Amino acid sequence: MRHLGFQASLCVALLRGSSPSSQSARLKPLLADLGANRVSSVLKEGGCVSQLLVGVLSDTHGRLPEDAYAELADCDFIIHAGDICGQGIMLELGGLAPVCAVLGNNDYPEYGESVGTVATPRIGGVRFLVTHTPTDLRAILSGRTNVLKPGDPVPQVAIHGHTHVPELLRGSAASPADVVLCPGSVTRPRGGSKRQLAKIAIENGAVREIRFVELE
């Protein structure tokens, strides 16, 4: 059995033997805490640590494979770019590290109020923008929505899922962000890609490295 961390393990123990309705009622506040709220409460102050590792995954579609879980075990923070499709996945990820997640087109608003369609966390001094679809991401970056107000700092790392195809854009292809990243899918790869996720190394308030991790 995977180690979920004390808080998540306690919740699982409490839920055993509960009815489906009581499970839902108890999971909702926990998932709000294990989800984007944890990242927001820790990082909105804009604190910068010297080094940290951010794991990025997307499109789990109700399943978190063992190899993906193992690869995320060394991460300080985790970003899920949507199509989570399972409350248990949020529990497992939340047992590893604080999680920032967004809803995908196959998700329902069951993970807590702060897991919405867009997230703008600041992690280790780096500004992130997370949506599920690349269309929504581009609309926000181009100023066609009210997510970013005039004068707001531009996100440095923009992340989306949905395509199931890993992609890393820099320079003019990513503008106005520094980087646009899609981690691919850990369960249903497309376009000839393998199952994979991504890791972002942050050092002294800047992105030092972004790499894809292929899963067997």
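Tabulated data for the structure shown
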| read-out | value |
| --- | --- |
| All positions within region 53-63 that are hydrophobic (A, V, I, L, M, F, W, C) and surrounded by fewer than 23 Cβ atoms within 10 Å (Cβ to Cβ) | L53 |
| Residue check, P150 loosely packed, with under 15 Cβ neighbours inside 10 Å, modelled with pLDDT under 95 and in contact with a Leu (Cβ under 9 Å, 6 or more places away or on another chain) | no |
| Answer from G161, G151, G171 - the residue that is out of contact with any Lys or Arg (no Cβ under 9 Å at 6 or more places or on another chain) and under 20 Å from D83 (Cβ atoms) | G161 |
| Sole residue being under 22 Å from P98 (Cα atoms) and either part of a loop (DSSP other than H, G, I, E, B) or within 19 Å of the chain's Cα centre (by Cα) (or both), chosen from V213, V147 | V213 |
| Residue within region 94-104 that is modelled with pLDDT of 95 or more, among the β-branched types (V, I, T) and in contact with an Asp or Glu (Cβ under 6 Å, 6 or more places away or on another chain) present | no |
| From I79, I89, residue being touching a Ser or Thr at 6+ places or on another chain (Cβ under 6 Å) and β-branched (V, I, T) | I89 |
| Residues (in contact with an Asp or Glu (Cβ under 9 Å, 6 or more places away or on another chain), without any contact (Cβ under 8 Å) to a residue 24 or more places away in the chain and on the phi < 0 side of the Ramachandran plot) located in region 156-178 | R170 |
| I123 modelled with pLDDT of 95 or more, crowded, with 19+ Cβ neighbours inside 10 Å and out of contact with any helix residue (DSSP H, G or I) (no Cβ under 6 Å at 6 or more places or on another chain) | no |
| Checking A201 against (1) outside any loop (DSSP other than H, G, I, E, B); (2) free of Cβ contacts under 8 Å to residues at least 40 places away in the same chain; (3) not β-branched (V, I, T), the condition it does not meet | (2) |
| Any pair with Cβ under 7 angstrom, 6 or more apart, that starts in region 179-196 at a residue that is in contact (Cβ under 8 Å) with a residue 12 or more places away in the chain and ends at one that is assigned to a strand (DSSP E or B) and among the basic types (K, R) | V179/R170 |
| Hits in region 165-187 (condition: assigned to a strand (DSSP E or B) and out of contact with any Phe, Trp or Tyr (no Cβ under 9 Å at 6 or more places or on another chain)) | E167, L169, R170, V179, V180, L181, C182 |
| Condition check for T135: surrounded by fewer than 19 Cβ atoms within 10 Å (Cβ to Cβ), in contact with a strand residue (DSSP E or B) (Cβ under 9 Å, 6 or more places away or on another chain) and either assigned to a loop (DSSP other than H, G, I, E, B) or modelled with pLDDT of 95 or more (or both) | no |
| Number of positions in region 185-208 that are more than 14 Å from the chain's Cα centre (by Cα) and of a type in the set (V, I, T) | 3 |
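The values are calculated or read from the model by the stated rules, or taken from the named source; none is laboratory data. Since we're looking at a predicted model, the values are computed, not measured. Positions of Cβ are generated from backbone atoms using ideal geometry, with glycine treated the same way; all protein chains shown enter the neighbour counts.
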